[in-house]
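The block underneath contains the structure these notes are about, expressed in structure tokens.
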């Protein structure tokens, strides 16, 4: 049995929607490839339940990674055939009860985008087996193709963000390079289609990009070592430009909250256990940069970074799989069939975990206290809403950071659509910045996995001049006033984007965007760092 090609995949997707019209919908994606191909994704769900987390699985981002498509289409077929009381058949005499799988599908929206890069895959399967990129033209008329998995808006401008020279980062701005990142973030139709799914379906909370062939199960980040102590050390902070990309040093390490790191490691471990149970394969687990190599502009890091770059977005737990333990992109299909089944078993473990994860909205996600005089205090409130389909228990509420303390009732149960208010007080202990974090757990009744939530706190006390401490807050505004402020800011951003240049214009745009984002609670100066 050969690997699926692009046309066969599209035909199979259409057939599945005809066979299972109540469970399966084919989504036409808006951005045609350079060679005029339309891409499609499947949406799979069971039952009428409306509120449910979404899971997005993508494959064949690189043209020569044929088997990723086959993994995702095998999984789609098996899930659609699943009925309560039957067995989920992996082949080779191996099966599991379909009941937990069916129950998971009844609580999830599963999106499968099996061929992100159709032009590249067609070219690889018909002209050049090693072809990785898409088939779009580049500024060099003699060179073709962009590496789609370097074209996402996460540290895309690697020469600015990484240490110089960025020799250890697997990315290139040379159109002849196999990791050429394109002319701008999302310059390519293929990466824009992935962004479309994440934006059009904001309830997507889990993301997996399926690649090959190194036997790895990975989580963010890909730019440096991970750390959980200093949240100022993060990809949005230009203060650290030129310091990223050196593993093992302390000049820069990418921040991930302790809860996020814990939940990512837990989910990776569950995928690994499910995969290993099939035939004993053991994949290495860890952050992308430490486990594989340093990268920029990748889908996995972009998906997780979205809620940090724009805090009104929902958080997406994001993963990268490199399937196979051999030394080839195209193993004999008899071996590929075993890989298909073991990776599907790992992905099913993720689906059953995702089905138990609560959905919360919290606001604000970044709490600004401003410049609080010593001996005084300032109170801020965080509102949490349960947008899950089941009650949620909030527990283990703590606050970290010098000068911060909690007020009010902490542990509580939230019914569907119910809200809880958490009060945080800042009473600075000394002059200087005071970073902190509010952290808590959220779990469904009898759920086997909890989300670990963090809200960042920023404030301080300072009598020195502006530039030496946190700038005073601009006053909070009403919804009506904010609408006008956001319109004014949008016009100014357009002006600076067209006519501005250099650090001064970049900082002005950052201030305006920050003002738009935090208009309702007041805001500080994002170009003055804590």
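The values are calculated or read from the model by the stated rules, or taken from the named source; none is laboratory data. On a predicted model such as this, the values are computed, not experimentally measured, just so you know. Cβ atoms come from the backbone with ideal geometry, glycine included; neighbour counts cover every protein chain shown.
Does residue 134 count as touching a strand residue (DSSP E or B) at 6+ places or on another chain (Cβ under 8 Å) and buried (at least 24 other Cβ atoms within 10 Å of the Cβ)? Taking the combined requirement at face value, the residue does not satisfy it.
If only residues of region 1-13 that are surrounded by 11 or more Cβ atoms within 10 Å (Cβ to Cβ) and in contact (Cβ under 8 Å) with a residue 24 or more places away in the chain are counted, the one that is nearest to residue 337 (Cα to Cα) is 3. Here region 219-240 is the region considered, the condition is being assigned to a helix (DSSP H, G or I) and surrounded by 15 or more Cβ atoms within 10 Å (Cβ to Cβ), and the residue that is modelled with the highest pLDDT is 240.
The sole residue among 107, 78 that is surrounded by 15 or more Cβ atoms within 10 Å (Cβ to Cβ) and under 26 Å from residue 360 (Cα atoms) is 107. Are any of the residues in region 58-68 over 21 Å from the mean Cα position of the chain (by Cα), at pLDDT 95 or above and not in a loop (DSSP other than H, G, I, E, B)? For region 58-68, residues over 21 Å from the mean Cα position of the chain (by Cα), at pLDDT 95 or above and not in a loop (DSSP other than H, G, I, E, B): present. Sort out which residues of region 24-51 are more than 16 Å from residue 116 (Cα to Cα) and either in contact (Cβ under 8 Å) with a residue 60 or more places away in the chain or assigned to a helix (DSSP H, G or I) (or both), and write them in order of number. Selection gives 44, 45, 46, 49, 50, 51. When you check residue 32 against the structure, is it over 22 Å from residue 207 (Cα atoms) and within 24 Å of the chain's Cα centre (by Cα), yes or no? Considered against the rule, which asks whether it is over 22 Å from residue 207 (Cα atoms) and within 24 Å of the chain's Cα centre (by Cα), residue 32 comes out as yes.
Only helices (runs of 4 or more DSSP H) whose full extent lies in region 74-175 are considered here, and the ones with at least 2 residues that are in the same structural domain as residue 197 (by TED's automatic domain parsing) and closer than 30 Å to residue 42 by Cβ are 99-105, 118-126. Screening region 163-172 for residues that are out of contact with any strand residue (DSSP E or B) (no Cβ under 7 Å at 6 or more places or on another chain) and without any contact (Cβ under 8 Å) to a residue 40 or more places away in the chain and picking the one that is farthest from residue 144 (Cα to Cα) gives 165. Looking at 53, 84, 48, just one residue is over 16 Å from residue 5 (Cβ atoms) and buried (at least 20 other Cβ atoms within 10 Å of the Cβ), and that residue is 53. With the structure loaded, tell me whether residue 186 is in contact (Cβ under 8 Å) with a residue 12 or more places away in the chain, farther than 30 Å from residue 281 by Cβ and in contact with a helix residue (DSSP H, G or I) (Cβ under 6 Å, 6 or more places away or on another chain) or whether it fails that test. Answer is yes for this residue. For residue 269, the criteria (1) surrounded by fewer than 19 Cβ atoms within 10 Å (Cβ to Cβ); (2) over 30 Å from residue 387 (Cβ atoms); (3) without any contact (Cβ under 8 Å) to a residue 60 or more places away in the chain hold in every case but one, which is (2). Could you go through region 241-261 and let me know if any residue there is in contact with a helix residue (DSSP H, G or I) (Cβ under 6 Å, 6 or more places away or on another chain), buried (at least 22 other Cβ atoms within 10 Å of the Cβ) and either outside any strand (DSSP E or B) or outside the structural domain of residue 171 (by TED's automatic domain parsing) (or both). Within region 241-261, one or more residues are in contact with a helix residue (DSSP H, G or I) (Cβ under 6 Å, 6 or more places away or on another chain), buried (at least 22 other Cβ atoms within 10 Å of the Cβ) and either outside any strand (DSSP E or B) or outside the structural domain of residue 171 (by TED's automatic domain parsing) (or both). Which residues, taken from region 32-45, are at pLDDT below 95 and surrounded by fewer than 18 Cβ atoms within 10 Å (Cβ to Cβ)? Matches in region 32-45: none. Checked against the criterion of being over 25 Å from residue 357 (Cα atoms) and either out of contact with any strand residue (DSSP E or B) (no Cβ under 7 Å at 6 or more places or on another chain) or buried (at least 24 other Cβ atoms within 10 Å of the Cβ) (or both), the candidates 280, 274 yield just one match: 280. Checking the structure you have, find out if any residue of region 305-325 is in contact (Cβ under 8 Å) with a residue 24 or more places away in the chain and over 21 Å from the mean Cα position of the chain (by Cα). Taking every residue of region 305-325 in turn, at least one turns out to be in contact (Cβ under 8 Å) with a residue 24 or more places away in the chain and over 21 Å from the mean Cα position of the chain (by Cα). Restricting to region 284-321, name every residue that is at pLDDT below 95, over 23 Å from residue 252 (Cα atoms) and surrounded by fewer than 17 Cβ atoms within 10 Å (Cβ to Cβ). Once the filter is applied, which keeps residues that are at pLDDT below 95, over 23 Å from residue 252 (Cα atoms) and surrounded by fewer than 17 Cβ atoms within 10 Å (Cβ to Cβ), region 284-321 yields 312, 313.
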